[in-house]
Amino acid sequence: MAFSARIYVGTYGKYNAGNLHGAWIDLADHCDLDSFYEACKDLHSDENDPEFMFQDVECNLQGAISESHINPKIFEVLDMNEDQQLMLSLFTQVNTYELDFAIDNFEEAYAGSADTCADFAQELAELDGFDHDAMRMIVVDWQATWDCNYRHGYNEIRHEGEVYFFYANV
């Protein structure tokens, strides 16, 4: 899941006049916010002092773009590798942190991934010293272990058949 951010840019002046004229602009085509706003100015060069309105957004990063604001840190995300972009995107979907905080903390908050919560609970138990081979006669309900002992310490999100876990106390 590569990060993408496209914005349909119109202006408040045109919108108030009943005109939805604008165009889609891909942030990946720009190195920073100044470059993006220059493209917006070129697009709406028919207005003296256009007030840009982001009428539609395609962005898989929660809270990065609103109707009239773009967090400049979004360009840091464009420079990240695909795995980092995925983790950041998932982290912002399970938490309501502001983008600045999310960028600074998503890697530390990432706890791992597994096919199921029960599989993750078994991994955690083994990290805590549970020796499954030494206790072959014991049957463990790993889903119940997750539900009773571990789930409150993590936020989870499903993506493409896998469950990703982030520490809840970040």
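Listing for the model above:
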quantity: Computed [θ] at 222 nm, helices only, for the chain once each DSSP H run of length n ≥ 4 contributes -39500 (n - 2.57); calculated: -10000 deg cm²/dmol
quantity: Segment 20-72 - Rg over Rh from alpha carbon coordinates, Kirkwood radius; calculated: 0.93
quantity: Charge-dipole axis of segment 32-130 as Lys and Arg at +1 and Asp and Glu at -1 on Cβ define it, positive-most pick from C40, L124, L99; calculated: L124
quantity: S4-D119 pseudo-label distance in nm [points 7 Å out on the Cα-to-Cβ vector]; calculated: 2.7
quantity: Computed label-point distance, nm, for sites C148 and S45 using a 7 Å Cα→Cβ extension; calculated: 7.0
quantity: Residues of segment 43-85 with amide N under 17 Å of the 7 Å Cα→Cβ point at E160; calculated: 60-61, 80-85
quantity: Segment 26-69 versus segment 81-103: alpha-carbon centroid distance in Å; calculated: 21
quantity: Residue order for S68, S113 - accessible surface, 1.4 angstrom probe, largest first; calculated: S68, S113
quantity: Evaluated at q = 0.08, 0.16 Å⁻¹: base-10 log I(q)/I(0), Debye formula over Cα of the chain; calculated: -0.37, -0.93
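The values are calculated or read from the model by the stated rules, or taken from the named source; none is laboratory data. Small disclaimer: the values here were computed from a predicted structure and weren't measured. Counting neighbours? That spans all protein chains shown, and the Cβs are built from the backbone with ideal geometry, glycine included. Side chains included, ligands, DNA and RNA excluded: accessible areas come from the protein's heavy atoms. Shrake-Rupley method; radii C 1.70, N 1.55, O 1.52, S 1.80 Å.
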